[in-house]
1. State the percentage of accessible surface on segment 202-279 attributable to carbon and sulfur atoms; use a 1.4 Å probe and exclude ligands, DNA and RNA.
2. In degrees from 0 to 90, rounded to the nearest 10, what is the angle of the helix 240-268 Cα long axis to the longest principal axis of the chain?
3. 7 Å from Cα along Cα→Cβ at both LEU194 and PHE234: what's the point-to-point distance in nm?
4. When the chain is modelled as a GNM with alpha-carbon springs shorter than 10 Å, which of GLU261, GLU215, GLU124 fluctuates the most?
5. Per the Debye formula with a single identical scatterer at each Cα and no solvent contribution, what log10 I(q)/I(0) holds for segment 57-214 at q = 0.10, 0.14, 0.17 Å⁻¹?
6. Once the Cα atoms of helix 284-303 and of the chain are each reduced to a long axis, what angle between those two axes, in degrees from 0 to 90 to the nearest 10, is obtained?
7. Which value, in debye to the nearest 20, describes the size of the charge dipole of the chain about its Cα centre when Lys and Arg Cβ atoms bear +1, Asp and Glu Cβ atoms bear -1, and nothing else is charged?
8. Tally up the carbon and sulfur contribution to the accessible surface of segment 103-160 as a whole percent, 1.4 Å probe, everything protein left in place.
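The values are calculated or read from the model by the stated rules, or taken from the named source; none is laboratory data. The structure displayed is predicted, hence computed values, not measured ones. In this analysis, Cβ positions are derived from the backbone assuming ideal geometry, glycine residues included, and neighbour counts consider all displayed protein chains. Quick note on the areas: whole protein, heavy atoms, side chains included, nothing else; ligands and nucleic acids left out. Shrake-Rupley method; radii C 1.70, N 1.55, O 1.52, S 1.80 Å.
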Amino acid sequence: MGQAEQAPVQRARTRGKQPRTNPTPKAGRNLPAAVVVGLAMLFAVLGGLLFLPLGFVAVTTAFAVFGVWEIFRALEANGTRMPIVPVMTGTVAMPFAAYFGGIESLLFAMLLSSVAVLLWRSVESAAGSANSIFAGVFTLGWVPFFISFAALPLHASGGATPLGFWPGGTIPDGAWQVAVMLLLVVSNDTFGYLVGASLGKHPMAPKISPKKSWEGFAGSIGGAILIGVLASLFLLDKPWWVGVVLAVGLVAASTAGDLAESMVKRELGVKDMSSILPGHGGVMDRLDSIVFAAPAAFVLYGLVSWA
């Protein structure tokens, strides 16, 4: 074999021996990209929440729309066509219904959206109608209904819900409650990732999410308790134990949401819902914890309101 023929072969042999430059650690993420994208989303959401509440609702709605679209594409690839028009309509309506009308309006929007899915599908062919209707109602409950609980504390039950900035520049307790909920969800993900990536050896649910470990879960609990206690004292003006209750409850809810999405992805045969967020995967790969944490936080805040 001549030198001209040996060169490509030699390059092919040495190419596989070159060190990887992609900073993807044990847990499977591009860490720098994940941190940058995560912080950008956090600042955008908290900025709207603390200064322009309707902007926060709009950003929440946009995330829900992208998440529902990812679910629609994943289901369609597996042969189930969800009635996307009524589902998307309900997805847009529910967060604003929660913000302007409170819990009653949110429940009515969920009911009306479910009926719309049923009626929309009834005028189409009967083939696959049961799966299609179930997928539509399930998606409505999983994403827009659950995430709309993040807008409920912003509803001004005793007066007009603001269209612009907070009246008088005073941030109400409801906004701080949502901010603390988001901080605890981020703490759960961050501390769980750091501890799990370095010390994780015992999987929590190996058949559903092999990379989620009990060590990472313990790291999530510890980190969230630290953040929860500080937030309870300095942001919520509550006793320290309220932060512990919120931290434990929201870590449990966030972990359940993460495992639930992993189970859905495994059933659909996909690794990530999409690749729209560098280092994170799809929008649903970020919303999976929040959609379970938002209603859990709403309930927990109600239980500790006397403290």
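1. Within segment 202-279, the accessible surface is 70 percent carbon and sulfur.
2. Orientation of helix 240-268: about 50 degrees from the principal axis.
3. Going from the LEU194 label point to the PHE234 one covers 1.6 nm.
4. GLU124
5. Debye output, listed in q order: -0.50, -0.85, -1.02.
6. Result, in degrees: 30.
7. Working: 19 positive and 15 negative charges, 257 e Å.
Dipole size: approximately 1240 debye.
8. On the way: 2180 of 2940 Å².
Solvent-exposed carbon and sulfur of segment 103-160 make up 74 percent of the total.
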